[in-house]
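*Asks:* Sharing a structure here in structure tokens format.
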Amino acid sequence: MKRFQVARELENFGRQNDAVVLNPEENGRYYEEPLKCANILITAGDIVLDVMQAREIYDSMLQHGRRTKRKFIRSELRRWDTSKPIIYTFDGSHTNHEQQVIELALEHWHNITCLNFERKDNDIQGSRIVFTDVDGCASNVGRHPLGEPQFVSLAPECIRLGVIAHEVAHALGFWHEQSRPDRDNYVTVRWENIDRESKGQFLKELPTDVDDGGVPYDYGSIMHYRSKAFSRYEDLFTLNTNIADYQKTIGQRDQLSFNDIRLMNIIYCSNSCPYKLPCQRGGYTDPRRCERCRCPDGFTGKLCDQIMPGYGADCGGRLELTSSWKRITSPNYPREFKEGQECSWLLVAPPGQRVQLRFYGEFEMYCKVRHSLCMDYIEIRNSTDFANTGMRYCCYGTPQSSIMSATEDMLVLFRSFYRSGRGFQAQVRALPASGSFLGWSQWSECSASCGACGVRHRRRICVGGACIGERSESEVCARIPCKGFCTRKTFEQTRCGGLLALFDGMECKRHIFFFPEILNTTL
């Protein structure tokens with residue numbers, strides 16, 4: 001991940017400017033009003049669909065009252081042939097510096113998958129990716145089944161390694177994370193806060209149409225919307241994580257998550273190696289180096305059996321715990337840590353016990369307060385799978401949560417990509433798994449009134465030690481069908497714009513939909 005991190009210096013991106021748009025793909029020129037023209041439809045913020053994909057979505061809306069999307073596109077026709085390099089070219093819209101950053105993003109995808117890319121500026125035949133700058137941040141989804149070029153539009157505000165990786169992921173076949181059918185178990189959509197004409201961006205897919213490769217929902221995916229995406233006003237949340245401590249994890253455009261990479265390798269590279277290694281900690285056989293495992297952040301070694309050493313500081317490591325409190329801190333605490341330092345701790349309790357962590361003292365990690373998003377962070381992975389992105393803590397003010405592990409160990413990651421700061425300190429200890437839960441609270445009010453698109457929650461309190469099991473539960477509610485999904489639809493003749501302005505003789509028709517407050521209609 002170091003190469004991906006170091007490349008930020010090349011981007012010359014204003015890290016400390018809070019006015020920078022973190023997710024510029026939300027500002028696609030046509031995201032508010034889907035534009036259909038000849039054989040192209042622009043929709044879903046930064047996604048460009050061809051007419052076949054648009055027809056599939058339209059048919060699904062007629063049948064189910066919601067749009068069909070996937071984490072990864074299912075059609076084999078739209079997947080790239082990994083037996084040969086994926087051809088790409090530039091149309092002349094980008095400077096040499098911008099081209100260099102784009103090629104770094106492609107190099108990163110190359111290094112972490114079995115995919116190969118080859119630049120051919122003079123080859124205009126066959127399937128290829130064409131990088132242009134005519135319509136903000138936008139991309140086709142998957143390979144064109146008829147071998148036509150796949151346009152990836154990257155305006156100057158999109159020339160950031162993470163944003164480019166996001167758009168290239170669309171071109172390779174990825175949809176958005178929060179569109180998965182199981183998303184209601186992880187996030188709650190605040191329909192009342194979404195811009196009226198952008199509600200379609202939050203529709204979820206049907207289980208029969210999903211190809212998630214067995215990879216679980218990932219709050220840290222580079223394909224996940226941020227907390228306030230498409231909000232009516234910039235201070236309103238449109239997505240709430242069902243576990244509050246994950247709120248500042250969603251929406252990052254900094255780097256590909258481990259599960260983003262894992263899914264791409266499952267789809268394209270499952271047969272790259274002649275054998276599978278017994279990788280630990282959620283790792284898997286690296287398709288680029290079959291003799292080693294690709295490891296989740298925080299782990300290293302041939303089989304992911306070692307904790308990653310500190311970077312830029314002597315910190316982290318494996319820490320055996322007892323019932324007495326021990327202390328971990330950011331480098332140089334209570335003085336400031338340095339930008340670029342990283343620490344990884346594996347906290348281990350005795351067999352049958354659990355790890356408890358609580359923050360105390362001063363706390364400062366750089367964040368985008370307006371976007372509710374961590375830039376530098378402390379990440380805690382306390383679930384049974386260390387491959388999943390954990391809860392990220394940042395900003396100012398000491399977190400009040402007392403965090404328990406689900407197993408005998410817990411992973412703590414300190415990452416300072418952007419700024420120096422005061423950092424953190426925390427107490428950690430082992431507790432017997434002898435606690436017990438009190439009864440469940442009453443279910444909360446359902447977040448919707450119909451359409452099975454609402455979620456309700458309940459909680460329970462652990463007493464007497466560490467408890468095994470979840471402290472909160474969520475379930476889908478309001479399963480009464482809504483009365484339709486569209487109240488009015490109009491058509492408007494208009495000039496072609498964006499990518500379509502490149503083609504002569506095209507006439508465009510703008511489809512304008514007006515949605516009610518609750519859009520999903522299902523039984």
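*Asks:* For the range 367-381, give me each residue that is in a loop (DSSP other than H, G, I, E, B) and surrounded by 22 or more Cβ atoms within 10 Å (Cβ to Cβ).
*Replies:* The answer is MET375, ASP376.
Listed here are the residues, each with its yes/no results for (1) among the polar types (S, T, N, Q); (2) more than 18 Å from GLY423 (Cβ to Cβ); (3) over 18 Å from the mean Cα position of the chain (by Cα); (4) crowded, with 20+ Cβ neighbours inside 10 Å.
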position	(1), (2), (3), (4)
MET365	no, no, yes, yes
PHE386	no, yes, no, yes
TYR393	no, no, no, yes
GLN400	yes, no, yes, no
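*Asks:* Please specify each residue of the range 275-307 satisfying the condition of being under 21 Å from the mean Cα position of the chain (by Cα) and among the acidic types (Asp, Glu).
*Replies:* ASP297
*Asks:* Just to be sure I understand, how many residues within the range 111-120 are more than 21 Å from the chain's Cα centre (by Cα) and in a helix (DSSP H, G or I)?
*Replies:* 0
*Asks:* Could you please let me know if GLU408 is among the acidic types (Asp, Glu), at pLDDT 85 or above, within 20 Å of the chain's Cα centre (by Cα) and surrounded by 16 or more Cβ atoms within 10 Å (Cβ to Cβ)?
*Replies:* Criteria not met by GLU408.
*Asks:* In this structure, is PRO216 surrounded by fewer than 18 Cβ atoms within 10 Å (Cβ to Cβ) and touching a helix residue (DSSP H, G or I) at 6+ places or on another chain (Cβ under 8 Å)?
*Replies:* Yes, satisfied.
*Asks:* Something else about it: Among the numbered conditions (1) outside any loop (DSSP other than H, G, I, E, B); (2) surrounded by 23 or more Cβ atoms within 10 Å (Cβ to Cβ); (3) not acidic (Asp, Glu), tell me where SER221 comes up short.
*Replies:* Exception for SER221: condition (1).
*Asks:* Please enumerate the residues belonging to the range 361-384 that are among the hydrophobic types (A, V, I, L, M, F, W, C) and under 16 Å from ASN332 (Cα atoms).
*Replies:* PHE363, MET365, ILE378, listed by residue number.
*Asks:* Another question about this same structure. Conditions first: (1) modelled with pLDDT of 70 or more; (2) under 30 Å from ARG354 (Cα atoms). ILE468 passes all but one, so which condition is the exception?
*Replies:* That leaves (1) as the condition not met.
*Asks:* Here's something else I'd like to know. If you take just the strands (runs of 3 or more DSSP E) that sit entirely in the range 224-337, which of them hold at least 3 residues that are under 23 Å from VAL348 (Cα atoms) and assigned by TED's automatic domain parsing to the domain that holds SER383?
*Replies:* The qualifying strands (runs of 3 or more DSSP E) are 317-320, 326-329.
*Asks:* Then there is this: Output the number of the condition that VAL428 fails; it satisfies all remaining conditions of (1) within 26 Å of PHE230 (Cα to Cα); (2) more than 18 Å from the chain's Cα centre (by Cα); (3) at pLDDT 95 or above.
*Replies:* (1)
*Asks:* If you go through the range 137-194 one residue at a time, how many are in a helix (DSSP H, G or I) and at pLDDT 90 or above?
*Replies:* The total comes to 23.
*Asks:* While we're on this one: Given (1) within 19 Å of ASP260 (Cβ to Cβ); (2) part of a loop (DSSP other than H, G, I, E, B), identify the lone condition not met by HIS108.
*Replies:* For HIS108, the failing item is (2).
*Asks:* Considering only the range 398-420, state which residues are in contact with a Phe, Trp or Tyr (Cβ under 6 Å, 6 or more places away or on another chain) and within 16 Å of TYR360 (Cα to Cα).
*Replies:* Listed by number, the residues that qualify are THR398, PRO399, VAL412.
*Asks:* Here's a follow-up. What number of residues within the range 263-293 satisfy the criterion of being under 15 Å from ASP385 (Cβ atoms), in contact with a Cys (Cβ under 9 Å, 6 or more places away or on another chain) and in contact (Cβ under 8 Å) with a residue 24 or more places away in the chain?
*Replies:* 5
*Asks:* Of all residues in the range 204-262, which are among the polar types (S, T, N, Q) and either farther than 26 Å from HIS457 by Cα or without any contact (Cβ under 8 Å) to a residue 40 or more places away in the chain (or both)?
*Replies:* Selection gives THR208, SER231, GLN255, SER257, ASN259.
*Asks:* Could we say that SER447 is in contact with a Lys or Arg (Cβ under 6 Å, 6 or more places away or on another chain), on the phi < 0 side of the Ramachandran plot and outside the structural domain of LEU239 (by TED's automatic domain parsing) here?
*Replies:* In short, no.
*Asks:* Just for the range 257-306: of the residues that are among the hydroxyl-bearing types (Ser, Thr, Tyr) and buried (at least 20 other Cβ atoms within 10 Å of the Cβ), which one is farthest from GLU408 (Cα to Cα)?
*Replies:* TYR268
The values are calculated or read from the model by the stated rules, or taken from the named source; none is laboratory data. No experiment lies behind these values; they were computed from the predicted model shown. All Cβ positions, glycine included, derive from the backbone under ideal geometry; neighbour counts span all protein chains shown.
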